[in-house]
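The values are calculated or read from the model by the stated rules, or taken from the named source; none is laboratory data. As the structure is a prediction and not an experimental result, all values here were calculated from the model. Every residue, glycine as well, gets a Cβ built from its backbone with ideal geometry; the counts of neighbours run over all protein chains shown.
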Amino acid sequence: MSTRRDEQRVERWFDGEQDGVGPGPEDRAYADFLQRTRGAVASLPASPGIDDARMGDFLHSIRNEIETPKRSWSGMWALASAAAAAVVVAISIVFIITGGPSPAEANTVDAVGSEISGATTRVDYDSDGTATVWVTLPESDLW
Amino acid sequence: MSVPFEGSLLYDVLPVADDYHWDARIESDAGLVALARTGQYSAFEELVRRYRNDVYALAFHYLRQREDAWDASQEVFIRAHRALGRFRGDASFKTWILRITANCCKDLFKKRRISTVSLEELGGDVGAYTERDPSSELESRELGSAIDTALAGLPHKHRTAFVLREFEGLSYQQMAEVMGCTMGTVMSRLHHARKKLQRALIGMGVIEDN
């Protein structure tokens, strides 16, 4: 039985390539298949081709397309990149000049509460405005 | 006035003189490419005239539709014109343009979602081939028609390999240049194409399973 390597050797011989080896008895069936295939392809109608009468139309369309200036996408990408970089620089300059937005202040307690039954809560503010939240547990609560 | 000769490395580097008169009938492909690069469109047109049928034949055998092959052929030469500056001359112009053709056909095939028939589907359609005229010529034509149909079910790389070898008659070396791969890969793809076709044709009842 032919192996793949045997068949490829036969193909190289069949295609007229160097180091191809003619078919042995085991390869005869495959060689016949190759021969029949080639004969069958040869029997197919040839490609219609582009005759001289149609060359004018053929060339006209090609020339039209070649001479139509194409939008340069690479140029547009460069422009977009430069614009994005300019925006980033502008925003950075604004931050530097104005010192940026005020730092967030989160030192005001709007409400305080606890889900622990019987617990009490209160808020104390010291001199610099730091809020401390106290949660007092009932004496009977066990940890 | 001196003009760099075609074999010289400088041919593609030095500009061709304005008063250089060239004759399309005797100008080589490399010469025409050099002239086309300088903007002489008539030189490019001569290349189109020379290779239009090679390009069209490959496109037709691949796409199986005249209109698609026409569109693909035009697209091939448009792409070739834009890529003239990248043609290095280490392969022949013919293999270079056929490579563009193979890539263009693949793109067109995907873009238009040209319908293909899987080899499994082909295997079921035995009825059309069960009654065969014993005459070898008719049988050959029927086999050819079956191959034509079965080709549609091959993957792109295998189909390209088979078409380049059996329809275009290219050598393995030329096929490697067109397909942009090694000769070993060419042989592998060609072998796979032939084996898949063999299985499809057996499934269609056109040939016997040996």
State which residue pairs qualify: first residue at pLDDT 90 or above and part of a helix (DSSP H, G or I) and inside segment B:58-75, second residue surrounded by fewer than 21 Cβ atoms within 10 Å (Cβ to Cβ) and of a type in the set (A, V, I, L, M) in any location, beta carbons under 6 Å apart, and separation of 6 or more residues or different chains. B:72/B:108
Within segment A:88-100, identify whether any single residue is of a type outside the set (Gly, Ala, Ser), within 10 Å of chain B (Cβ to nearest Cβ) and over 30 Å from residue B:67 (Cα atoms), and answer yes or no. no
For residue A:36, are the conditions met, namely being within 10 Å of another protein chain (Cβ to nearest Cβ), more than 30 Å from residue B:208 (Cβ to Cβ) and of a type outside the set (Asp, Glu)? no
Determine, yes or no, whether residue B:49 is facing chain A (nearest Cβ under 8 Å) and more than 17 Å from residue B:163 (Cα to Cα). yes
Failed item, numbered, when residue A:13 is tested on (1) under 30 Å from residue B:49 (Cα atoms); (2) more than 10 Å from chain B (Cβ to nearest Cβ); (3) at pLDDT 85 or above: (1)
Determine whether residue B:91 is of a type in the set (Gly, Ala, Ser) and either touching a Cys at 6+ places or on another chain (Cβ under 8 Å) or at pLDDT below 90 (or both). yes
Across segment A:16-33, the tally of residues that are more than 9 Å from every other protein chain (Cβ to nearest Cβ), within 19 Å of residue B:166 (Cβ to Cβ) and surrounded by fewer than 18 Cβ atoms within 10 Å (Cβ to Cβ) stands at 1
Quick one: is residue A:62 under 23 Å from residue B:41 (Cβ atoms), surrounded by 10 or more Cβ atoms within 10 Å (Cβ to Cβ) and modelled with pLDDT under 90? no
Take residue A:6 and decide whether it is over 41 Å from the mean Cα position of the chain (by Cα) and either within 11 Å of chain B (Cβ to nearest Cβ) or surrounded by fewer than 18 Cβ atoms within 10 Å (Cβ to Cβ) (or both). yes
Which residues, counting only those in segment B:56-108, are aromatic (Phe, Trp, Tyr) and either surrounded by fewer than 18 Cβ atoms within 10 Å (Cβ to Cβ) or under 15 Å from the mean Cα position of the chain (by Cα) (or both)? B:56, B:60, B:62, B:70, B:77, B:93, B:96
Out of B:12, B:29, sole residue that is under 17 Å from residue B:92 (Cβ atoms) and at pLDDT 85 or above: B:29
